[in-house]
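Enquirer: Just passing along the structure, written as structure tokens.
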Amino acid sequence: MSYTTEQLLDILDREIRATWKGERLLLSSPHRLDHPVVAKALGTQKLSKVYAIQDFRAQIHEYQQEHQVSGLVWYTCRFQGRSIQLPELHPQLAAIASDKVVLIEAKQNVLNFWRDSIAGLKLWRAGRPPTAISRDDVEHLISQTEWAEIDATRTELYLSLCWGNPQECHCDWARPASGCERIIAAPAEPSGIKV
């Protein structure tokens, strides 16, 4: 019997805590960074901790792929009296093939929640600076993406329209193979919170 997603997160959390307490040591860490000035500035102990965590996380990711353990967690997004429970990839875990299917299947529910929640709000395309966008332009973006994610503050609702690899979609360097368009619904100009 393989570990569950929750058990892997617990194991990873315990390992990260042990590493930062100095209970784990990776002796080869100075040789892994090919920049002697940065290696010296960070110091052997900090490098050891970083690489120990990276190595352990890589082992968890391999375990997930081998045993097909999902990297998705479910959370509840609340906005203006409404709530929705939806999946998202945990930042410490890897996505398995079936995870992307789950994200794609949740798209319509996310979009229904979005559409039901944005009445009276202005839409903005995230960027520096944010730019106003029409509902028709948002619908066009929606039609071009594979899955949607949503998050909220007290007054703003954030829609992420994603495609490609769930682990890379939020990274600008992954474009065009993977990516994410971010839309902000706000009563006025967005607050500037980075989404």
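Enquirer: Just one of the numbered conditions (1) surrounded by 15 or more Cβ atoms within 10 Å (Cβ to Cβ); (2) farther than 30 Å from HIS61 by Cβ; (3) at pLDDT below 95 is not true of THR131; which one?
Expert: Failing condition for THR131: (1).
Enquirer: Restricting attention to segment 95-121, and to residues there that are in a loop (DSSP other than H, G, I, E, B) and of a type in the set (Gly, Ala, Ser), which single residue is farthest from HIS67 (Cα to Cα)?
Expert: It comes out as GLY120.
Enquirer: A further question on this structure: Please tell me if CYS180 is part of a loop (DSSP other than H, G, I, E, B) and at negative phi.
Expert: No.
Condition check ((1) of a type in the set (Lys, Arg); (2) in contact with a strand residue (DSSP E or B) (Cβ under 7 Å, 6 or more places away or on another chain)) across all residues:
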site: LYS107; (1), (2): yes, yes
site: ALA126; (1), (2): no, yes
site: ALA148; (1), (2): no, yes
site: GLU168; (1), (2): no, no
site: ALA174; (1), (2): no, no
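Enquirer: Is it the case that some residue within segment 70-89 is closer than 20 Å to GLN144 by Cβ and basic (Lys, Arg)?
Expert: No, there is no match, as no residue in segment 70-89 is closer than 20 Å to GLN144 by Cβ and basic (Lys, Arg).
Enquirer: A further question follows. Is it the case that PRO91 is in contact with a Gly (Cβ under 9 Å, 6 or more places away or on another chain) and either surrounded by fewer than 17 Cβ atoms within 10 Å (Cβ to Cβ) or of a type in the set (Lys, Arg) (or both)?
Expert: In short, no.
Enquirer: Any chance segment 41-49 includes a residue that's on the phi > 0 side of the Ramachandran plot, surrounded by fewer than 18 Cβ atoms within 10 Å (Cβ to Cβ) and at pLDDT below 90?
Expert: yes
Enquirer: Hey, another quick one. Among what's in segment 141-159 and is touching a Phe, Trp or Tyr at 6+ places or on another chain (Cβ under 9 Å) and in a strand (DSSP E or B), pick the residue that is surrounded by the most Cβ atoms within 10 Å (Cβ to Cβ).
Expert: Selected residue: LEU159.
Enquirer: Looking only at segment 155-195, count every residue that is free of Cβ contacts under 8 Å to residues at least 12 places away in the same chain and not assigned by TED's automatic domain parsing to the domain that holds SER143 and tell me the total.
Expert: 2
Enquirer: Conditions: (1) at pLDDT below 95; (2) surrounded by 15 or more Cβ atoms within 10 Å (Cβ to Cβ); (3) more than 21 Å from VAL102 (Cβ to Cβ). GLN167 meets all but one. Number of the miss?
Expert: Of everything listed in (1) at pLDDT below 95; (2) surrounded by 15 or more Cβ atoms within 10 Å (Cβ to Cβ); (3) more than 21 Å from VAL102 (Cβ to Cβ), GLN167 misses just condition (3).
Enquirer: Can you tell me which of (1) part of a helix (DSSP H, G or I); (2) surrounded by 19 or more Cβ atoms within 10 Å (Cβ to Cβ) is the one TRP124 doesn't meet?
Expert: (1)
The values are calculated or read from the model by the stated rules, or taken from the named source; none is laboratory data. Since the structure is predicted, the reported quantities are computational estimates derived from the model, not experimental observations. Using ideal geometry, Cβ is built from the backbone for each residue, glycine included, and neighbour counts are taken over all protein chains shown.
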